[in-house]
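The values are calculated or read from the model by the stated rules, or taken from the named source; none is laboratory data. Source: prediction; values computed, not measured. Neighbour counts are summed over all protein chains in view; Cβ atoms, including those assigned to glycine, are modelled from backbone coordinates with ideal geometry. Note: accessible area is taken over every heavy atom of the protein model, side chains too, but ligands, DNA and RNA are not part of it. Shrake-Rupley method; radii C 1.70, N 1.55, O 1.52, S 1.80 Å.
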Amino acid sequence: MSRISESFMGKKAFIGFLTAGDPSLEKTKELIMAMERAGAALIEIGIPFSDPIAEGPVIQDANIRALSAPGGCTTEQVFTMVDELKGKVTVPLVFLTYLNPVFKYGYEAFCRRCQKVGISGLIIPDLPYEERDELENIAQNYDVELISLIAPTSKERIRKIAEKARGYLYLVSSMGVTGVREEITTDLKELITEIRQVTDTPIAIGFGISSPEQAMACSSIADGVIVGSAIVKRIGEYGEQATEPVENYVISMVEACKGQA
Amino acid sequence: MKKGRYGIHGGQYIPETLMNEVNRLEEAYDFFKKDPEFNEELSGLLREYAGRPSLLYYAEKMTKDLGGAKIYLKREDLNHTGSHKINNVLGQALLAKKMGKTRVIAETGAGQHGVATATAAALLGLECEIFMGKEDTIRQALNVYRMRLLGAKVHPVESGTQTLKDAVNECMREWTRRVEDTLYVLGSVMGPHPFPMIVRDFQSVISREARQQILEKEGRLPDVVMACVGGGSNAMGMFCEFIPDKKVRLIGCEAAGRGIDTRETAATIATGTAGIFHGMKSYFCQDEFGQIAPVYSISAGLDYPGIGPEHANLHDTGRAEYVAITDEEAVEAFEYIAKTEGIIAAIESSHAIAQVRKMAPAMDKDQIIICCLSGRGDKDVAAIARYRGVDLHE
C-alpha cells in the first residue's frame with residue numbers, strides 16, 4: 001500500500017493546499033508542520049508558476065507573491081525546502097504544479113528528485129488523460145503517484161480516467177477555476193457512484209470548499225476534501241503571522257470531516 | 001502519432017474540465033468541414049461580407065526601388081475589419097452557431113482579433129465577450145470602444161503582465177466556467193488541438209488564393225513567401241498551400257523588439273526554448289525553470305511569448321525559416337511602404353516588409369517574393385508618431 005492510500009485509512013482525509021514560497025519558503029515549512037499538527041492527512045504543495053490557468057484570483061496572487069518574493073522561489077528551492085522537512089513531517093506530501101516547470105526541469109530529473117526529498121504524488125492540472133503517457137511511467141519508476149482529476153464535464157471520460165487512477169482521485173466539485181464558492185451545485189454523488197464502479201482509489205473533492213459545513217457535506221460522500229483557496233487566503237492576509245490562523249482553521253475543518261468518518 | 005501533433009509539438013495540455021469540449025469541437029469541425037452547406041455559407045460570408053478574394057498586388061515601385069526580386073503583396077489589409085483575422089472568426093463563429101452555441105469569447109492583444117470576433121458575433125447574432133490585458137486596453141482604447149460599439153463586452157484583464165498571454169489565460173479560465181453555451185474563438189494557430197488546425201484551415205484561404213493568383217499573373221510559383229509571426233496565423237495561412245512546393249522558401253518574421261540580445265523581445269524561435277503552455281508543446285520565451293517570460297514588441301499583435309506548434313515543427317524540419325526584425329526596422333518599413341506604395345501597413349505586417357527590404361535587393365530580377373500584408377496600419381499611426389517623438393494621441 002502506498003503512503004498516499006495509507007493516509008486515507010480509517011478516516012475522512014482533510015487535504016490542505018498551500019503555495020510554496022508564499023510569503024517565504026521558511027514560512028511554508030512552518031505552515032506545513034502546522035497543518036500536520038492540526039490534523040491534515042496529506043498536504044499539497046504548489047510549485048509556483050507564472051501562468052496558473054486553473055487557478056482563481058486567490059491562488060494566482062499567491063503564485064505571484066512567491067515568484068516575486070526576495071530570493072524568488074525556483075523549483076530547485078522548493079525541492080530544498082521539502083528536503084529540509086525530512087523527519088519533521090510524517091504525512092504524505094504531494095506537489096501541485098503545471099506541466100511546464102516539470103518539463104523544463106526534465107521529467108526524469110524531476111521525479112528522481114521528488115523521490116529523494118520524499119514527495120509521494122504529483123498533480124498537474126494541465127496534463128489530461130490524453131497526454132498522461134508523457135509522464136506516467138517515469139513517475140512510477142520513482143514511486144511518485146500521478147494523481148488524476150475528474151471534472152463535472154468528464155462524463156464518458158470518467159471510466160478511463162478512473163481506471164488509471166493512482167494515489168487518489170481529485171474530484172473537481174464545480175466548473176471554473178479554484179476559489180471559494182458559496183454553494184456547490186454539481187451532483188457529486190452521481191459522479192462518485194460512477195467512479196466507484198471502476199475503482200476503489202480514494203476520492204477527494206476539491207475546488208470551492210471553505211466552510212466546515214461544506215467539508216462535512218463533501219466528506220460524507222467522498223473519502224476526503226481538499227481545501228486550497230481558503231488556506232491561501234489566510235496566508236495572504238496574515239503573511240508571516242499566518243501560522244496560528246491557518247492552524248486553527250485546519251483544526252475546525254478536520255473536526256468537520258471527523259464527524260463523517 | 002498522437003492526434004494534433006506537429007512533430008513533437010502540439011497536443012492537448014489543458015484542464016480536464018475542457019477536454020470534452022475540445023473533443024466536441026473537433027468532432028463538430030470534422031463534420032462541418034465536409035458539409036457542403038457549411039462551406040457554401042462560409043464562402044458566401046468571405047466573399048460578400050469580408051470582401052474576398054483579397055488582391056495580390058504587384059508592388060512595382062517597391063520592386064524598382066529595391067532593384068531585385070519582383071514583389072507581390074497579398075492584401076489582407078483590404079478585408080473587412082482590416083486584417084486577416086476575419087477569415088478565422090467568420091469560420092469559427094459560424095461553427096459556433098452550427099454547434100448550437102449562443103456565446104463566443106476571445107482574447108485580444110492589439111484588438112484586431114477582438115474587433116473581428118465582435119464583428120462576426122454581431123453579424124451572426126452571438127453574444128460576445130472579449131478579454132484584453134488591462135495594459136492593452138489603455139494602449140488601444142479606440143479598439144476597446146470599437147468592440148463595445150459592435151455589442152461586445154470587454155473585460156480588462158488585471159492578472160499577470162496584463163497583456164496578451166494573460167488575456168489567453170483569462171479566456172481559458174472563463175471557458176472552464178462556462179463551456180455549455182460558449183465557444184472560445186481562439187485568434188491564432190495556437191492552443192490545444194484542434195485549434196491550431198482549425199485556425200490554419202480557415203486562414204489557408206490566403207495561400208489558396210495567392211497560389212492561384214501568382215500562377216495567373218506570372219505563370220509560375222514564387223521563390224519566397226513571407227509573413228510576420230506572433231502566434232502565427234497569417235503566416236500559417238500564407239504558408240499552408242505552399243508547403244508541398246518544396247522550392248518555395250517560407251520565411252516567418254518574428255518581433256525582435258529592442259533586439260534578440262536584450263530582454264525586451266518577443267522573438268520566440270530566436271530566443272525561446274521548448275516548453276508546454278497554453279495547451280500546446282512548442283517554443284516559448286521562458287526562464288530556466290519554465291516561468292513564462294514577459295515579452296516586448298512595439299507591435300501588440302506580435303507581443304506573445306509563444307509560437308504555434310506547426311511553426312515550431314516547420315522550424316525543426318527546416319521547411320520554414322524564421323528571422324527576427326527589430327522595432328526600429330519595422331518602423332522604418334512602416335514608413336517606407338507608406339511613402340513608396342501609398343499603403344499604411346500594420347506594424348505587425350511591417351516586420352515582414354522589413355525582411356523584404358533586406359532580401360529583395362540581393363535577388364535576381366526574375367525572382368518573385370510574395371509578402372503577406374496581414375493588416376492595415378491605421379491603428380498604429382499614433383504609436384508610430386510617439387515612437388518618432390511626436391506627441392500624438394488618439
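Residues A:LYS258, B:LYS358 ordered from highest to lowest accessible area at a 1.4 Å probe: A:LYS258, B:LYS358.
Give the value in nm², to one decimal: projected area of the alpha carbon convex hull of segment B:1-156, averaged over all directions. Walk me through the intermediate numbers first.
Details: hull surface 51.7 nm².
Here the figure is 12.9 nm², rounded to one decimal.
Within the listed set B:SER349, B:SER374, B:SER159, the residue fluctuating most in the Gaussian network model of chain B (springs between alpha-carbon atoms under 10 angstrom) is B:SER159. Projected onto its three principal axes, the C-alpha set of segment A:141-261 covers 44, 37, 29 Å, listed from the longest axis down. Taking chain B as a Gaussian network of alpha-carbon nodes connected by springs under 10 Å, the highest mean-square fluctuation of the residues B:ASP77, B:ASP35, B:ASP181 belongs to B:ASP35. Using a/c under 1.5 as the rounded threshold, could you call segment A:64-146 rounded, prolate or oblate? The axes a ≥ b ≥ c are square roots of the C-alpha gyration tensor eigenvalues, and prolate needs a/b larger than b/c, oblate otherwise. It is oblate, given that a/c is not under 1.5 and a/b is not larger than b/c. In segment B:34-109, Rg over Rh equals 1.15, where Rg is the alpha-carbon radius of gyration and Rh the Kirkwood radius from pairwise Cα distances.
Over the alpha-carbon set of chain A, divide Rg by the Kirkwood Rh and report the Rg/Rh ratio to two decimals.
Working: Rg = 16.7 Å, Rh = 18.0 Å.
On the Cα set of chain A, Rg over Rh gives 0.93.
Spin-label model, B:LYS33/B:GLU332: points 7 Å from Cα along the beta carbon direction are separated by 4.1 nm.
A 1.4 Å probe, protein heavy atoms only, puts the accessible area of B:SER207 near 0 Å². Of A:LYS160/B:LYS101; A:LYS88/B:LYS165; A:LYS104/B:LYS101; A:LYS12/B:LYS2; A:LYS11/B:LYS2; B:LYS97/B:LYS134, which ones are farther than 32 Å apart at the Cα? From the list (A:LYS160/B:LYS101; A:LYS88/B:LYS165; A:LYS104/B:LYS101; A:LYS12/B:LYS2; A:LYS11/B:LYS2; B:LYS97/B:LYS134), the Cα-Cα distance tops 32 Å for A:LYS88/B:LYS165; A:LYS104/B:LYS101; A:LYS12/B:LYS2; A:LYS11/B:LYS2. How much of the calculated P(r) for the protein assembly as shown lies past 32 Å, in percent of all Cα pairs? Cα-Cα pairs of the protein assembly as shown separated by over 32 Å account for 50 percent. The Cα center of segment B:19-85 and the Cα center of segment A:180-250 differ in position by 49 Å. In plain terms, if you count all Cα to Cα distances in segment B:333-384 and split them into 5 Å steps from zero, the share in each step is 5, 21, 30, 23, 13, 6, 3, 1 percent.
Per residue of chain B, what 222 nm ellipticity follows from adding -39500 (n - 2.57) for every DSSP H run with n ≥ 4, rounded to the nearest 500? Before the final figure, lay out each step's value.
Numbers: 16 runs with 171 residues, N = 394.
Counting only the DSSP helices, I get -13000 deg cm²/dmol.
Ignoring lysines fewer than eight residues from B:LYS365 along the same chain, the ones with Cα atoms less than 18 angstrom from its Cα are B:LYS61, B:LYS64, B:LYS70, B:LYS217, B:LYS247.
Averaged over peptide A:149-155, the number of partner chain Cβ atoms lying within 10 Å of each residue's Cβ comes to 5. For chain B, the antiparallel share of DSSP beta bridges with both residues in that region comes to about 30%. Taking a ≥ b ≥ c as the square roots of the eigenvalues of the alpha-carbon gyration tensor, segment B:270-394 is classed oblate because a/c is 1.5 or more while a/b is no larger than b/c. Both the radius of gyration and Dmax for segment A:15-109 are 12.7, 35 Å, in that order, over alpha-carbon atoms. For B:THR119, B:THR326, the ranking by accessible surface with the largest value first comes to B:THR326, B:THR119, using a 1.4 Å probe. Probing with 1.4 Å while keeping every protein chain in the model, the per residue accessible area of the protein assembly as shown equals 36 Å².
Residues of chain A were split at every exposed loop site, defined as GluC sites (Glu not before Pro) in a DSSP loop with at most 16 other C-beta atoms within 10 angstrom, and the longest piece left, sites excluded, is A:85-181.
Helical runs assigned H by DSSP (4 residues or longer) give chain A a calculated mean residue ellipticity at 222 nm of -13000 deg cm²/dmol, each run adding -39500 (n - 2.57) before division by the residue total.
With a ≥ b ≥ c the root eigenvalues of the C-alpha gyration tensor of chain B, is it rounded (a/c under 1.5), prolate (a/b larger than b/c) or oblate? Let's see the in-between values first.
Details: a/c = 1.37, a/b = 1.25, b/c = 1.10.
Rounded shape, in that the Cα axes give a/c under 1.5.
Expressed as a whole percent, the accessible surface of segment B:163-215 that belongs to carbon and sulfur atoms is 50, based on a 1.4 Å probe. For segment B:65-126, the calculated P(r), taken from all Cα-Cα distances in 10 Å bins from zero up to the bin holding the longest distance, is 22, 41, 19, 11, 6, 1 percent. With the alpha-carbon atoms of segment B:64-210 aligned to their principal axes, the span from lowest to highest coordinate is 55, 35, 29 Å, starting with the largest.
Go ahead and set up a Gaussian network model of chain B, Cα springs under 10 Å, then flag whichever of B:VAL199, B:VAL225, B:VAL248 fluctuates most. Ranking B:VAL199, B:VAL225, B:VAL248 by mean-square fluctuation puts B:VAL248 first. If you find the alpha carbon centre of segment A:17-72 and of segment B:197-245, how far apart are they in angstrom? So the two Cα centres are separated by 47 Å.
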